[in-house]
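Working notes, structure below.
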Amino acid sequence: MPYKDSTKQKAAVKLWAQENPQKMRGYTKKYEMEHPEVRRARSRRNYLKDPAAAIERSNKWAREHPEETKAREKTEAYRRTDVLYTYNLTAEEHDDILESQHWKCAFPNCGEAVTLRSPIDHDHQCCSRKGSCGNCIRGILCRWHNIALGFFEKLDIESALSYIGGKQ
C-alpha cells in the first residue's frame, strides 16, 4: 500500500535497507550500472567530503583487484601513447609541461589540478592535421577551461568582451 506521507515512506525504506543490506547493495549496484552519472556524482561527493579517505578507498580497491588494476593501467598506457602521438609529444615533454605548471591548470588564476588525462590546449589554426605539430601547445587545462576556450575560439572575442563590459 502506497504511503500518503513521504516521510513515512522514506523511514520505511531506510529501515528495510538497514535490515537487508545485501539486497540493498545489489539494488544500488544495479541502479548505478544503469546510471553511471549517479555513481560518478556520488563518488565526487565522497571525494569532496574527505579526499584522503576517498584516495585510501581507491588504493584499497586497487590492492584487492590486481588483475583489473593491471588492465586499467594498460588501457591508460595505450591512451597516453595515443594522446602523445596526437599532440606530437614525448612522455618526457608531457611530464615537463605538467611539472612546469605544478600539475595545475594553465589558465590564469585557476589552480584546478590536472592529470595525465587532462586536455592539452594548442592553437587549432597552426596545424592542418588533427592534433598538433607539437610547437603550438599552450599548456594543459582543466576540463572546464578547455571547454570554455573551445567556445571562445568560435566566437568573436571582441564582441563578447564588449557585451560583458556593457552589461556591468
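I'd like the residue in region 127-167 that is closer than 22 Å to residue 92 by Cβ and assigned to a loop (DSSP other than H, G, I, E, B) and, out of all such residues, is modelled with the highest pLDDT. Before you say what the answer is, go through the steps one by one.
Let us first name the residues in region 127-167 that are closer than 22 Å to residue 92 by Cβ, namely 127, 131-141.
Checking the rest, the ones that are also assigned to a loop (DSSP other than H, G, I, E, B) come to 127, 131-136, 141.
Working: 127: 76, 131: 73, 132: 81, 133: 82, 134: 78, 135: 82, 136: 85, 141: 92.
Here the answer is 141.
Residues 62, 71, 52: which one is outside any loop (DSSP other than H, G, I, E, B), loosely packed, with under 11 Cβ neighbours inside 10 Å and either over 17 Å from the mean Cα position of the chain (by Cα) or aliphatic (A, V, I, L, M) (or both)?
Details: 62 fails: loosely packed, with under 11 Cβ neighbours inside 10 Å; 71 fails: loosely packed, with under 11 Cβ neighbours inside 10 Å.
Residue meeting the stated conditions: 52.
Could you figure out which of (1) surrounded by 11 or more Cβ atoms within 10 Å (Cβ to Cβ); (2) polar (S, T, N, Q); (3) over 29 Å from residue 148 (Cβ atoms) isn't true of residue 22?
Every condition holds for residue 22 apart from (1).
Restricting to region 125-149, give me the number of residues that are over 18 Å from residue 100 (Cβ atoms) and either loosely packed, with under 14 Cβ neighbours inside 10 Å or hydrophobic (A, V, I, L, M, F, W, C) (or both).
Adding up the residues that qualify gives 12.
Would you be able to say whether some residue in region 105-117 is part of a strand (DSSP E or B) and either of a type in the set (A, V, I, L, M) or surrounded by 12 or more Cβ atoms within 10 Å (Cβ to Cβ) (or both)?
Within region 105-117, one or more residues are part of a strand (DSSP E or B) and either of a type in the set (A, V, I, L, M) or surrounded by 12 or more Cβ atoms within 10 Å (Cβ to Cβ) (or both).
The values are calculated or read from the model by the stated rules, or taken from the named source; none is laboratory data. Computed from a predicted structure; not experimentally measured. Note that we place each Cβ from the backbone using ideal geometry, even for glycine, and neighbour counts take in every protein chain shown.
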